[in-house]
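Notes follow once the structure below has been shown.
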């Protein structure tokens, strides 16, 4: 969904990765969890931290910092898991995303959101819906359905298959 489609005030959950503030549409957020025990899965890429048990369901957890080529998420008292629903192969899939901290839910008007910067063809920015501005601070608004590359989606799909086989 491009910036041209953001025509009404929407609510976004804001969270921090390092010093940067990111946001995703609250309609995609299922819940926010305190950091819990994550079971790692052998032979998976570093960005896939593992899986958690969420009320009897196995949910893959990704380290968004690693997806965005930042340093690995360090566990602090503010570290949390943002559980989101995203589309994976035209199917709704629940994943957890590690965040350094969750900030707040904000309302952003369309005039507070600028298009994602165009940096060139070699750098992916298709997962950024826009750049919100609030209190002289930029907020990168993520299109959670486009955050992962095709290779990363294949890994998430494989972890989905793995968890179903284990069930």
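The values are calculated or read from the model by the stated rules, or taken from the named source; none is laboratory data. Because the structure is a prediction, the values reported are computed rather than measured. Here the Cβ positions follow ideal geometry from the backbone for every residue, glycine too, while neighbour counts run over all protein chains shown.
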#### Entry: Failed item in (1) over 12 Å from the mean Cα position of the chain (by Cα); (2) in a strand (DSSP E or B), with residue 78 passing the rest
(2)
### Task
Kindly indicate whether residue 85 is closer than 21 Å to residue 134 by Cα and under 15 Å from the mean Cα position of the chain (by Cα).
no
### Message
Which numbered condition in (1) in contact with a helix residue (DSSP H, G or I) (Cβ under 8 Å, 6 or more places away or on another chain); (2) farther than 21 Å from residue 137 by Cβ; (3) assigned to a strand (DSSP E or B) is the only one that residue 71 fails?
### Response
(3)
### Query
Of the residues in segment 82-103, how many are touching a strand residue (DSSP E or B) at 6+ places or on another chain (Cβ under 6 Å) and surrounded by fewer than 13 Cβ atoms within 10 Å (Cβ to Cβ)?
1
### Task
Confirm whether residue 149 is out of contact with any helix residue (DSSP H, G or I) (no Cβ under 7 Å at 6 or more places or on another chain) and modelled with pLDDT of 85 or more.
no
## Note on the structure
Over segment 54-76, the set of residues surrounded by fewer than 16 Cβ atoms within 10 Å (Cβ to Cβ) and closer than 20 Å to residue 22 by Cβ is 69, 70, 71, 72, 74, 75, 76
